[in-house]
Amino acid sequence: MRIGELARRTGVSERALRYYEEQGLLRPERLPSGYRVYTELDVAAVRRVRLLLAAGLSTAQINEALPCMVDEDELLQPKCSGLVDALAAHRDRIEEAIGELESTRANLNALIGRARPVG
DNA sequence: ATTCTCACA
DNA sequence: TGTGAGTA
């Protein structure tokens, strides 16, 4: 299938699909015309990428993680222990960020409080 | 009609 | 990442 069909089937824009290729996440064949050709496997590949992206990983991190993951009955799971640790570290950093955001929110709430607009 | 690359009021 | 341009 070409990029248009893959885009429809995955719900991912053609723009994003080309970007994933540029980032080494997808390696479609090329027709002599230059058109990209994807296989059924790419449909699953795009879903894995989206999942990892949704988990907050960068394309570079996804490239490192992907080869260390296995698709087992509908879910993507870490295959190497090192990856589990890296993912856990990533989660910890996110929790730190959440903590900072909560603090920022508290400061904003204090600033807003029962402020009465004057001008 | 589709896809491709490149560039950004 | 979207969008538009100019092609093949």
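The values are calculated or read from the model by the stated rules, or taken from the named source; none is laboratory data. For clarity, every value in this text was computed on a predicted model and none was experimentally measured. No Cβ is skipped: glycine too gets one built from the backbone with ideal geometry, and neighbour counts run over all protein chains shown. Accessible surface areas use protein heavy atoms only, side chains included; no ligands, DNA or RNA. Shrake-Rupley method; radii C 1.70, N 1.55, O 1.52, S 1.80 Å.
Considering only residues that are of a type outside the set (A, V, I, L, M, F, W, C) and more than 27 Å from A:G82 (Cβ to Cβ), which ones fall in the range A:20-65? Give the steps one after another, and end with the answer.
Step one: list which residues in the range A:20-65 are of a type outside the set (A, V, I, L, M, F, W, C), which gives A:20-24, A:27-30, A:32-36, A:38-40, A:42, A:47-48, A:50, A:56, A:58-59, A:61, A:63-64.
Once the filter is applied, which keeps residues that are of a type outside the set (A, V, I, L, M, F, W, C) and more than 27 Å from A:G82 (Cβ to Cβ), the range A:20-65 yields A:P28, A:E29, A:R30, A:P32, A:S33, A:G34, A:Y35, A:R36, A:Y38, A:T39, A:E40.
Note on the range A:75-93: among residues that are at pLDDT 90 or above and open to solvent by 60 Å² or more (accessible area, probe 1.4 Å), the one that is nearest to A:A54 (Cα to Cα) is A:R91.
Within the range A:31-74, being among the charged types (D, E, K, R) and open to solvent by less than 40 Å² (accessible area, probe 1.4 Å) holds for one residue alone: A:D42.
Given the range A:1-70, what helices (runs of 4 or more DSSP H) lie entirely inside it while holding 1 or more residues that are in contact (Cβ under 8 Å) with a residue 60 or more places away in the chain? Please lay out each step first, then the result.
Working: elements: A:3-10, A:14-22, A:40-54, A:59-65.
Fully inside the range A:1-70 and qualifying: nothing.
Just wondering, is there one or more residues in the range A:106-117 that are open to solvent by less than 70 Å² (accessible area, probe 1.4 Å), over 27 Å from A:P28 (Cβ atoms) and assigned to a helix (DSSP H, G or I)? There is at least one residue in the range A:106-117 that is open to solvent by less than 70 Å² (accessible area, probe 1.4 Å), over 27 Å from A:P28 (Cβ atoms) and assigned to a helix (DSSP H, G or I). Considered as a group, the residues in the range A:1-46 that are closer than 23 Å to A:C68 by Cβ and hydroxyl-bearing (S, T, Y) include one that is farthest from DNA strand C (Cβ to nearest atom), and that residue is A:T39. Only a single criterion out of (1) open to solvent by less than 70 Å² (accessible area, probe 1.4 Å); (2) closer than 30 Å to A:E95 by Cα is not satisfied by A:M1, namely (2).
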